[in-house]
Number of protein chains: 2
Amino acid sequence: MTGHEGDTARPRRPLRADAQRNEDRLLEAAAAAFARQGAGASVKDIARAAGVGVGTLYRRFPSKELLIEAIYRQEVRRLCEAAPELTAVLPPAQALRTWMERFTDFMAAKQGMAEALAVVLTDDSDKLHTRTLLADALTHLLDAAEGQSVARPGVAAQDVLMALGGISLIAASEEQRALATRLIDLLLHGIVTN
Amino acid sequence: MTGHEGDTARPRRPLRADAQRNEDRLLEAAAAAFARQGAGASVKDIARAAGVGVGTLYRRFPSKELLIEAIYRQEVRRLCEAAPELTAVLPPAQALRTWMERFTDFMAAKQGMAEALAVVLTDDSDKLHTRTLLADALTHLLDAAEGQSVARPGVAAQDVLMALGGISLIAASEEQRALATRLIDLLLHGIVTN
DNA sequence: TTGCAAACCGGAACCGGTTCCGCTTACTCT
DNA sequence: AGAGTAAGCGGAACCGGTTCCGGTTTGCAA
């Protein structure tokens, strides 16, 4: 009786050697496929390119969204790390705006990723490191703004994040970049006091 | 039988008798299916229930989204007609809020419709009467608010509509009603002056 | 009435995501 | 080394949306 349960991800028990190898191959193949065709790349093609069956892919990544999340995790992290840097260099309201624009640009750049990420964002399992990262970055920006009294107090990072998700979803295509900008404007007017 | 009669410009030559009959059956079957199972009802089931092949359905409604749009057109119209009534009874900011909440409630009520409608909203063909209707309703509400100087001038109805679409998309599930409310709050803060 | 073309019909086929399950394999314990 | 077993594997099968196309029907006109 080896009752492992409730492993909320962090202390990974080691994967079996073949499983680890397959996971590596899958990540590699998926990264290549998404880079080439955007999130529209088919799961079956990715599995084939990795030399495994779809079942194997699905055991490691229970849905296509989660695979996408895994692939872009690094880039999201980079985006989040930019938040403190922005507040150090820009006035808080501007830092906020700039970061938001980068966020939506990022989503728009990865074709079809918006939908996937939205699913991930709204899913309320805490396993998703990505959401936490993003929320933290936003909290940082909002706190800075609040601290200098340029933002209404009590605006939740979580909500702003969701709003950004919604904007990305609606303004998914490249042609709608202007729309995204205008919506961010609207959102900012709701956040900053002036 | 219900008259239905289109609004989206249909001065074309009348449909062939069999085609018309099939369209009627399809609308009936689709309405029943969506009412019972939400937008998740399968196209194939609807076609079967209507006693036609999927090909027939697709000739009339080139995508599932458009079928959904056709089915809910009436309800959307009703929603839009409520806008002037609200401004007549409530102060403009409150009228705006109430209407927005009705909008997202409506979207949430029809399970899965948010996505379909978002596609319709972002599609830039002008054939979609629905979008025009909604934009007009919002224009009415915004004008009233602007007229009484409670709204920033220059807020485009189109943009607000998109924002509502985004909110509906993100807060699609029933559990997220609170989120939708908070996001509307945020949006309103961006629109009204105070 | 009959002939004919355009409009229409049905459903098989395709594609993508996801699930299921019988078989295989890497590790562990002795 | 050998056996037992959980973990892992692959891909067939399923489901839903969409397309395609050979055959049928309708409405018009000769």
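Taking the 0 to 90 degree range and rounding to the nearest ten, how far is the long axis of helix A:17-37 tilted relative to the main principal axis of chain A, both from C-alpha atoms? The angle comes out near 50 degrees.
Please list B:Asp18, A:Asp143 from largest to smallest accessible area, probe radius 1.4 Å, with all protein chains kept in place. Before the final figure, lay out the partial values.
Working: B:Asp18 55, A:Asp143 90 Å².
Sorted by accessible area, descending: A:Asp143, B:Asp18.
Placing a label point 7 Å from Cα along the Cα-to-Cβ direction at A:Gln37 gives distances to the equivalent points in the other copies of 2.9 nm, listed shortest first.
Roughly how tilted is helix A:157-170, in degrees to the nearest 10 and between 0 and 90, from the longest Cα axis of chain A? Approximately 70 degrees, to the nearest ten.
In this simple spin-label model, placing a label point 7 Å from the Cα along the Cα-to-Cβ direction at both B:Arg152 and B:Arg48 gives a separation of 5.2 nm. Annotation note: GluC sites (Glu not before Pro) in the stretch A:24-97 located in DSSP loop regions with a Cβ neighbour count of at most 15 within 10 Å are absent. Would you mind counting up the charge near A:Glu65? Only other residues with Cβ under 9 Å from its Cβ, with Lys and Arg at +1 and Asp and Glu at -1. Summing Lys and Arg as +1 and Asp and Glu as -1 gives -2. Computed extension length for A:Asp136-A:Arg73: 21.2 nm, one decimal, from 0.36 nm per residue of separation with the Cα-Cα distance subtracted. With the helix formula -39500 (n - 2.57) applied to DSSP H stretches of n ≥ 4, chain A reaches a computed 222 nm mean residue ellipticity of -23500 deg cm²/dmol. Sorted shortest first, the distances from the A:Ala19 label point to those of the same residue in the other copies are 5.8 nm; each point sits 7 Å from Cα along Cα-to-Cβ. Computed about its Cα centre, the charge dipole of the stretch B:8-85 is approximately 400 debye, with only Lys, Arg, Asp and Glu carrying charge at their Cβ.
Compared with the dominant Cα axis of chain A, that is its longest principal axis, helix A:177-191 is turned about 60°. With K and R counted +1 and D and E -1, the other residues having a Cβ less than 12 Å from that of A:Ala41 yield a net charge of +4. The H on the amide N of A:Ala151, modeled in the peptide plane, is under 5 Å from the matching H of A:Glu146, A:Thr193, each at least 5 residues off or on a different chain.
Evaluate the charge dipole of the stretch A:72-191 about its Cα centre and quote only its size in Debye, nearest 20, assuming +1 on the Cβ of each Lys and Arg and -1 on the Cβ of each Asp and Glu.
Details: 11 positive and 16 negative charges, 25 e Å.
Value, rounded to 20: 120 debye.
When the surface is traced with a 1.4 Å probe over the full set of protein chains, A:Met107 keeps roughly 10 Å² accessible. Taking the protein heavy atoms of the protein assembly as shown in the context of the full set of protein chains, the accessible area attributed to carbon and sulfur is 51 percent at 1.4 Å.
What accessible area per residue, rounded to a whole number of Å², is obtained for the protein assembly as shown using a probe radius of 1.4 Å?
With the other protein chains kept in place, the protein assembly as shown gives 51 Å² per residue.
Using heavy atoms of the protein chains and a probe of 1.4 Å, the accessible area assigned to B:Thr132 is about 60 Å².
Model label sites at B:Arg177 and A:Val89, defined 7 Å from Cα along the beta-carbon direction, differ in position by 4.5 nm. The accessible area of A:Phe34, taken with all protein chains in place and a 1.4 Å probe, comes to roughly 10 Å².
What quantity of accessible surface, computed with a 1.4 Å probe and excluding non-protein components, is buried in total between chains A and B, in Å² to the nearest 100?
Values: alone 11000 and 10720 Å², together 19920 Å².
Roughly 1800 Å² of accessible surface disappears when A and B pair.
Considering only B:Leu161, B:Val150, B:Ser173, the residue lying farthest towards the positive end of the dipole of the stretch B:131-182 is B:Ser173, judged by Cα position with unit charges set on Cβ. For the peptide B:179-187, the mean number of other protein chain Cβ atoms found within 10 angstrom of a residue's Cβ is 5. For A:Ala178, the distances from its label point to the matching points in the remaining copies are 4.0 nm, ordered from shortest, with each point set 7 Å beyond Cα toward Cβ.
Under a Cβ-Cβ cut-off of 13 Å, what is the net charge of the residues other than A:Gly154 that fall near it, where Lys and Arg count +1 and Asp and Glu count -1? Neighbour charge sum, excluding A:Gly154 itself: -2.
The values are calculated or read from the model by the stated rules, or taken from the named source; none is laboratory data. Values in this document were obtained by computation on a predicted structure and should not be read as measured data. In this analysis, Cβ positions are derived from the backbone assuming ideal geometry, glycine residues included, and neighbour counts consider all displayed protein chains. Please note that ligands, DNA and RNA were not included when accessible areas were found on the heavy atoms of the full protein model with its side chains. Shrake-Rupley method; radii C 1.70, N 1.55, O 1.52, S 1.80 Å.
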